[in-house]
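Step one of this worksheet: look at the structure below.
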C-alpha cells in the first residue's frame, strides 16, 4: 500500500516535471520571438524559467532515486557474496539518509535566511527557491528509508541488491517502475 502511494507520488512528480518543462519552453521561445520580432519581452519569464528549472532538476532527481535510474558503479559490489551486497547496500542507504539530513539542514537555513529577501523580477520570497532543497531532502529521505526497509525486511531479490542496471540488461518492453 505504502509502496503504491510512493509510486503514485512519483508519477505526479513526473507529470509536474513535464508541465514545468513545457512552461519553460513556451516562456523562453516566446521571449525569443518577442525580442526579435517586436523588440520587447516578458521580463518575468527568464527568472521564472530558472526557478522552474531548479525545481524540475530536484523532481527529476527524486524520480531517478525512486525508480533506481540514477548513476552508479557496480565494479566491486557485483562481485561480492550475498551478505556483502546487503551490507554495502545498507551502508549506502544509511549514508544517503545522513546526507539527506545534511541537505535538509542546509536548505532550511538558506530558506530561513532568505525568507525576507525577494527575487529581482517576480518579487517573491527567495525562501520558495530554497524550499526545493527541503522538498528534495524530505522525499529523498522517505524513498531511501523505504528502500532500506525493503532490504532489512528481506523483500529484495539478489538482483535488486546491485543498484546499477545496464540499459542492455533490461528486456525490451520492460515497464518503468514509475509507470506501473
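Angle of helix 127-152 to the longest C-alpha principal axis of the chain, folded into 0 to 90 degrees and rounded to 10: 10°. In the elastic network of the chain, a GNM with C-alpha springs shorter than 10 Å, the most mobile of 21, 34, 62 is 34.
Secondary-structure-derived ellipticity at 222 nm for the chain, considering helices only, amounts to -24500 deg cm²/dmol, per-run term -39500 (n - 2.57) for DSSP H runs with n ≥ 4. Modelled spin labels at residue 67 and residue 150, positioned 7 Å past Cα toward Cβ, are 1.4 nm from each other. Nearest 10 degrees is fine. How inclined is helix 82-114 to the longest principal axis of the chain, computing both from alpha carbons? Once rounded, one gets 20 degrees.
Considering the chain as a Gaussian network with a 10 Å cut-off on Cα pairs, which listed residue, 107, 37, 140, attains the greatest mean-square fluctuation? Result for the chain, Cα springs under 10 Å: 37 fluctuates most. Does anything in the stretch 105-138 have its amide N under 16 Å from the 7 Å Cα→Cβ label point of residue 35, and if so which residues? Answer for the stretch 105-138: none.
Every number in this text was worked out from the coordinates using simple rules, so none of it is lab data. This one's a predicted model, so the numbers in the text were calculated from it and none came from an experiment. Because the Cβ atoms are built from the backbone with ideal geometry, glycine has one as well, and the counts that use them run over all protein chains shown.
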